[in-house]
1. Only residues in segment 123-142 that are surrounded by 15 or more Cβ atoms within 10 Å (Cβ to Cβ) count as the first member; pair them with residues that are of a type in the set (Asp, Glu) and part of a helix (DSSP H, G or I), Cβ under 6 angstrom, at least 6 apart or cross-chain, and list the lot.
2. So, residue 169, is that one surrounded by 12 or more Cβ atoms within 10 Å (Cβ to Cβ) and either aliphatic (A, V, I, L, M) or in contact (Cβ under 8 Å) with a residue 12 or more places away in the chain (or both) or not?
3. Considering only segment 16-35, state which residues are open to solvent by 20 Å² or more (accessible area, probe 1.4 Å) and within 28 Å of residue 313 (Cα to Cα).
4. Report every pair of residues separated by at least 6 positions or lying on different chains whose Cβ atoms are under 9 Å apart, first residue within segment 77-95 and among the small types (Gly, Ala, Ser), second modelled with pLDDT of 90 or more and surrounded by 10 or more Cβ atoms within 10 Å (Cβ to Cβ).
5. Quick one: in segment 486-536, which of the residues that are of a type in the set (D, E, K, R) and at pLDDT 80 or above is farthest from residue 312 (Cα to Cα)?
6. Just to be sure I understand, how many residues within segment 59-74 are open to solvent by 60 Å² or more (accessible area, probe 1.4 Å) and part of a strand (DSSP E or B)?
7. Which ones in segment 122-144 are under 33 Å from the mean Cα position of the chain (by Cα) and farther than 18 Å from residue 189 by Cα?
Amino acid sequence: MGSVVVNYYRKRHAADHAFPKVTLGELFVLDVADISPFLGFGNVDPGQVVPALYNNMFRAPLFAQPPTPTDFLIVRNVAKGEAKWFVRPIRHHFVAGQTFPLQEVPAPHSRRVTTTIKHRLQVAAYRLMNRNQYHLLQMARLSRVFPEYSELQIRQRLKEFCEYQRKGLGAGYWRPKHNMPIPDEEALRKMLTPEMLCLYESMRVCQLQLQDAGKSGSELDDDDDASLPIEEVLATWNLTRNFINATQGKAMLKLYGEGDPTARGEGFSFVRVSMKDIFLRAGESVEEKLAEIEARPKSAHRYNVAEQQQIYKDEITCIWNKQRRSLTRPSVVELGDAYSDDNVIVPEINDGFGDAVVTRCASAIDSTRVTPGTAMEVSQRLAPQPGPPAVTAHANFIMPNRKGLVIRRAVQSPYTGELMWRTEVVRDLAVIQAYLRQRRIIENLAHDRCERDDEGDDLFDNGEYDGVDLPAETRLHLADLKRARDMRVADARNLEKSHMTTFSLPQPNKPKKEVVRRCGNCGQLGHMKTNKKCPRYFEFNPA
């Protein structure tokens, strides 16, 4: 699988033959009436050239940036044990926009995932057989390639295309069945393509992230299920499926809000919305739209499909233009203090055990400020020590280093009123990171004040220290965090006002007509002529 750079150029008119010259990639000419190469979520204006990164899995627009003269590329090449270094200039600099998937990521436990797992093991087994002179396979060699599967699972897969040699030449080995010859390398590459592996690994990464967050990772049904948490709605198999259905006209996307990778209205949200919802233009309220619908004549439709489609297309064009202006701007946009790292605490998903988080926290600590018993010293002790990790009996499994934070607090007893020590063990890595971060901020402020006062005593002496009011510092920092959060919420509301919104149209308040049945034989109300309670039933239906 490889990627190519394609420069899309749209003709100004039907007789336009003055094609531009491109220095990188190939040129693809679009006619005046051709559809957008970005699947309807971007446009190429007449006379405009838009480069794109194209492969079998996705398509992403590219936006040129002026290369910085101070940047260069270093290439290291090792041949026959000798390393050589090469310096190359960077002549082209592009920024990739939002990627548009061309293939759907399979959902967990789907048939595509089962087929990929089956073909992975089958291709590995065939390649190990080709390396053997007699086309024999040893179970231990295949088990080392797939340590996540047990021998029973591997044996069940092997029985589909191999047979176990119990006696004779090659006893104790597996060999291919007589009616199933070993395919050549070209057939093996067709059996398991790089795209299949990439889609499978993308599914596995998202599945593990959802499991770390305590979610099940289920697939959305055809009907929009609003009861699912947002983490499961934003799963890769759901987003890719929504986008592909939207390009085929089978679904509509939210376009803004949760799911927008930029969080600033410069990207598309692939979250699905109901096609029966009412789309509002930017700045239009729900009350105004409902009043307009009620004011329409009775002969008019409450839901105008053409109007909804036009609002949807206008919003796509608006987001595309914002993305293009942002990525073609040579200067970096400042987001403000509300989006700085000091005011945003986001639980990070790393390897599931958090060594990377603790290591990063410990690396930012000034060793001259470390005092025994402080959060800085705890962060350094929680950081993994250099050296080989502990290895269990299985050679391909590394025992995770699960560590916790022990917090001792002096609390007042509700019964006697005396101070007592309460110990709490925290193992949630997000909580540990936030707690140590808050403590380090307080201790740094305390250290700075003591340095200004030229005091050389230790900050902590039996849990007490002079010169700093820790509760006051905590309140100030929490106030900063709250103010930054309010600013982010206000920005999100302003962004929502400048984009379209959706709402479900309420059902019309019309009284239901009461259906009264009239008998065709006797003419009375309340029953039909097939009812035996009719006084003339047996007259028309003799026994």
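The values are calculated or read from the model by the stated rules, or taken from the named source; none is laboratory data. These numbers come from a predicted model, not from an experiment. Don't worry about glycine lacking a Cβ; one is built from the backbone with ideal geometry, like all the others, and counts go over all protein chains shown. Side chains are part of the model used for accessible areas, which takes the heavy atoms of the whole protein and leaves out ligands, DNA and RNA. Shrake-Rupley method; radii C 1.70, N 1.55, O 1.52, S 1.80 Å.
1. none
2. It is false that residue 169 is surrounded by 12 or more Cβ atoms within 10 Å (Cβ to Cβ) and either aliphatic (A, V, I, L, M) or in contact (Cβ under 8 Å) with a residue 12 or more places away in the chain (or both).
3. So in segment 16-35, the residues open to solvent by 20 Å² or more (accessible area, probe 1.4 Å) come out as 17-29, 31-35.
Listed by number, the residues that qualify are 27, 28, 29, 31, 32, 33, 34, 35.
4. Final answer for the pair search is none.
5. So, considering only residues that are of a type in the set (D, E, K, R) and at pLDDT 80 or above, the one farthest from residue 312 (Cα to Cα) is 536.
6. Matching residues across segment 59-74 total 4.
7. 142, 143, 144
This table checks each residue for (1) under 27 Å from residue 234 (Cβ atoms); (2) among the small types (Gly, Ala, Ser).
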{"position": "104", "(1), (2)": "yes, no"}
{"position": "125", "(1), (2)": "no, yes"}
{"position": "130", "(1), (2)": "no, no"}
{"position": "137", "(1), (2)": "no, no"}
{"position": "140", "(1), (2)": "no, yes"}
